[in-house]
Amino acid sequence: MKHSASLNVNPIIIKELRSRMRGGRAFVTLTIILLFLSIFSYAVARLTQAAAQYSGTPVSPQIGQTVFAGLAFLILFIICAITPAVTANAISDEKEKLTYDMLLTTPLDPVTVLWGKLVASMSYIFLLIFAALPMTSLVFTYGGVTFRDMLKAVGMLLVIAVMIGMIGLFMSALFGKSGRAVASTYIIVLLLIIGPLFLAAGIGIFRQGEPPRMLLFPSPVSALASAMSPSVNPQNLSSLSWMFGGTYWIMASPPISYDSIPRPLYHYSLPLYLGLSLVLYLLASRLVLPMHRWQIRWSEWVLAFVLILGFVGFIASAYVLTSPRYENIIIVSPSANPTPAPLIEPVVPELDTPPGDNKIPPTDTPIPASWNSLGYHVCPSLDERWNRTLWKS
Amino acid sequence: MIAITTRNLTRSFNGVSAVNDLSLKIQAGTLYGLIGPNGAGKTTTLRMLAGLIEPTSGEIRINELRNRDYWRELQWQIGYMPDFYGVYEDMLVWEYLDFFARCYRLAPERRKQVTEELLDLVDLAEKREAYVHTLSRGMRQRLCLAHALVHDPNILLLDEPASGLDPRARVEMRELLRELRDMGKTILLSSHILSELAELCDTVGIIDHGQLVASGSIEEIQKRISQTRRLVLRLLDNKFIAQEILQSNQHVSSISVLAEEPFTAEVRFSGGEADAANLLENLVGSGVRVALFGEANANLEDVFLHLTGGDESG
């Protein structure tokens, strides 16, 4: 009877969810965050409307896009602010409260503890993201945002949340002291967000020109911005640019802009985040062991190797499969007359650049004479046609 | 059958040995008390037995299985209650036990049954729906004991199970441990309070500076260390004559005066029964009126202080 492993849910998950979701505290927090989000999006909508009165540009999709981007970034910052607090004390708290020994004497595998902690803490963050979704989808009433954009943004947010959560868990297992773990996680997240931006800005100033965009890819802000950029035109977001300074233009810029990177930035960020999460998970699964931490068995080496190899293979094949779509762009790219670096202007400029969609017509279609006529040439999908129509409306 | 054997068990932390060459043998179905001053290595020993830390050298066998090779199997046979333990906030008493039952992968029906049985056993049934952090110290201690019993282990390792309990709770804990012993479990508990163990344990081991200085039943230990018996005398007069006689006696090694009026003294006496009789005869013959002449009971605290070098702070 004793050894019969019944198909049970990870006990840690049940325990964590029981205590975390108890007493309405979690739901009060959630309500406050949602209220905050709704006030914020209302404010952004009013702001954009007010700005549009002076510039006279098409209003509705612009508002939709601005509100959408604003909400996405706000949720990103909420994730960055909350996730370390939720995850970075997960393991160290058990050690500090001296319950870890009690767990270790049970047949519960420390790796199961780690997994349970990750799932339980992530489920709270995911709940937050998904609870914000209905409100975010209000932007569809304004238009200007496709369902695909929404999926991309949410996917990006989930990956970023998992990465930050994994950093927190790793620090928690590494230090075993909640204070240190939480502090170091916040520092790393902060560095991840602003480090690349400052570096890029610094190099830009130093070189008196366009900073290399590649520098920005570790930053979650850049990643999210680039994931949304095909239809959320950065120019529409000038009212938000105060949040990130001038670098917003760079990180959100469409694929074929000022540098030699053919792909949007998030294509580099995603593998980095997923790979980092995987590596940190593997390391943390050793750190949670009470002894023999680094006496890794042969089978465990193989498992880790297979996991990493599988991940690398997955990313590589994704790159190869999508390469016709992106690397072709270089051929289309008007290298003879490179797009100049944009000027940062306080008012919304004329829409003289295309929406910057990734799906530039394949090479056999006639090259458009000007960017403005691009939309009339090829519309591979209905989605995009709709998107472009909105853009022009 | 021997439940727990350690052979030359040694554990050092950064070169300082906490447990030094410890060899224990604990019979199955007995209550063994590990006793020693703070910092003697009791907790380290128990943690090694529970498989939480690795010995620097030496060997542990539990139920004749070497714990290095069979630690996974042994997890099912050992219940461990740590010295300082935390409780999870925001958790109900039954959920706490349910959680550990889940950790031991008990089937749902069995889990429910075990939880109820254990709450009855440790007398917390009416606190079933209370939050763990609202329990009193004694209740928490019992709950923690219950958690160690979830998988019905045959060996219990209890680190200071009675520390911080009021006398009533201590008695309850003692009753509980006896009950568990009668169920056939082997219990190894540690304490730095002697009286706690004296009434409870079948066998005690006295540990100091990581070494076992004595082991056996309490009577055995007392006998072994008190070759010099202590005599108590109460004299009504002629105490100066008496002191002279005592000092000249070859078997008397020291005299300590306990009270002046009436003169009461404790004498360390190394002689046998006949020597004691001679001494008494001598005293009475010199005109000393002896009101009391008897052997003082070697009390446990003395044994303890004697064995641990009189240094209780450790």
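The values are calculated or read from the model by the stated rules, or taken from the named source; none is laboratory data. Everything numeric in this text was worked out from a predicted model, so none of it was measured. Backbone-built Cβ (ideal geometry, glycine too); neighbour counts: all protein chains shown.
Observations on the structure shown:
- For region A:70-78, the criterion of being within 14 Å of another protein chain (Cβ to nearest Cβ), crowded, with 16+ Cβ neighbours inside 10 Å and free of Cβ contacts under 8 Å to residues at least 40 places away in the same chain is met by none of the residues.
- Every test in (1) away from chain A (no Cβ under 13 Å); (2) crowded, with 23+ Cβ neighbours inside 10 Å; (3) not aliphatic (A, V, I, L, M) is passed by residue B:112 save one, and that test is (2).
- Meets criteria (within 14 Å of chain B (Cβ to nearest Cβ), acidic (Asp, Glu) and without any contact (Cβ under 8 Å) to a residue 12 or more places away in the chain) for residue A:93: no
- Tally, over region B:74-95, of residues that are more than 9 Å from every other protein chain (Cβ to nearest Cβ) and assigned to a helix (DSSP H, G or I): 3
- Check on residue B:206, at pLDDT 75 or above, surrounded by 16 or more Cβ atoms within 10 Å (Cβ to Cβ), in contact with a helix residue (DSSP H, G or I) (Cβ under 9 Å, 6 or more places away or on another chain) and within 30 Å of residue B:189 (Cα to Cα): yes
- Scanning region B:146-169 for residues that are free of Cβ contacts under 8 Å to residues at least 40 places away in the same chain, away from chain A (no Cβ under 13 Å) and assigned to a loop (DSSP other than H, G, I, E, B) gives B:162, B:164, B:165, B:166.
- Filter result for residue B:211 (crowded, with 16+ Cβ neighbours inside 10 Å and out of contact with any helix residue (DSSP H, G or I) (no Cβ under 9 Å at 6 or more places or on another chain)): yes
- Some residue of region B:122-132 being out of contact with any helix residue (DSSP H, G or I) (no Cβ under 8 Å at 6 or more places or on another chain), more than 13 Å from chain A (Cβ to nearest Cβ) and in a helix (DSSP H, G or I): yes
- Out of B:265, B:274, B:291, sole residue that is farther than 29 Å from residue B:218 by Cβ and either modelled with pLDDT of 80 or more or basic (Lys, Arg) (or both): B:291
- Residue list for region B:144-194, restricted to those being out of contact with any strand residue (DSSP E or B) (no Cβ under 9 Å at 6 or more places or on another chain), farther than 17 Å from residue B:27 by Cβ and acidic (Asp, Glu): B:166, B:172, B:175, B:179
- Selection from region B:263-286 of residues that are of a type in the set (A, V, I, L, M), in a helix (DSSP H, G or I) and within 18 Å of residue B:239 (Cβ to Cβ): B:279, B:280, B:283, B:284
- Within the set A:63, A:91, A:125, the sole residue that is in a helix (DSSP H, G or I) and over 19 Å from residue A:18 (Cα atoms) turns out to be A:63.
- Answer residue from region B:6-35, given it is at negative phi and in a loop (DSSP other than H, G, I, E, B) and is surrounded by the fewest Cβ atoms within 10 Å (Cβ to Cβ) among those: B:28
- Annotation note: Cβ proximity below 6 Å between a residue of region A:307-321 that is closer than 13 Å to residue A:272 by Cβ and a residue that is at pLDDT 90 or above and assigned to a helix (DSSP H, G or I) (sequence gap 6+ or interchain) occurs for A:311/A:278; A:315/A:271.
- Among the residues making up region A:18-69, those that are touching a residue at least 40 places away in the same chain (Cβ under 8 Å) and of a type in the set (S, T, N, Q) are A:38, A:41, A:48, A:55, A:57, A:60, A:62, A:65, A:66.
- The residues on offer are A:107, A:84, and the sole one that is within 14 Å of another protein chain (Cβ to nearest Cβ), touching a helix residue (DSSP H, G or I) at 6+ places or on another chain (Cβ under 8 Å) and of a type outside the set (Ser, Thr, Tyr) is A:107.
Conditions tested, residue by residue: (1) assigned to a helix (DSSP H, G or I); (2) away from chain A (no Cβ under 14 Å).
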position: B:138; (1), (2): yes, yes
position: B:144; (1), (2): yes, no
position: B:171; (1), (2): yes, yes
position: B:176; (1), (2): yes, yes
position: B:196; (1), (2): yes, yes
position: B:200; (1), (2): no, yes
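- Restricting attention to region A:159-214 and to residues that are among the hydroxyl-bearing types (Ser, Thr, Tyr) and closer than 30 Å to residue A:263 by Cα, the residue that is surrounded by the most Cβ atoms within 10 Å (Cβ to Cβ) turns out to be A:185.
- Among (1) among the aliphatic types (A, V, I, L, M); (2) modelled with pLDDT of 85 or more; (3) surrounded by fewer than 19 Cβ atoms within 10 Å (Cβ to Cβ); (4) over 22 Å from residue A:33 (Cβ atoms), the one test that residue A:98 misses: (2)
- Selected residue (criterion: modelled with the highest pLDDT) from residues of region A:281-292 that are assigned to a loop (DSSP other than H, G, I, E, B) and surrounded by 13 or more Cβ atoms within 10 Å (Cβ to Cβ): A:288
- Considering the conditions (1) of a type in the set (A, V, I, L, M); (2) in contact (Cβ under 8 Å) with a residue 40 or more places away in the chain; (3) at the interface with another protein chain (Cβ under 8 Å from one of its Cβ atoms), residue B:101 is excluded by exactly one of them, (3).
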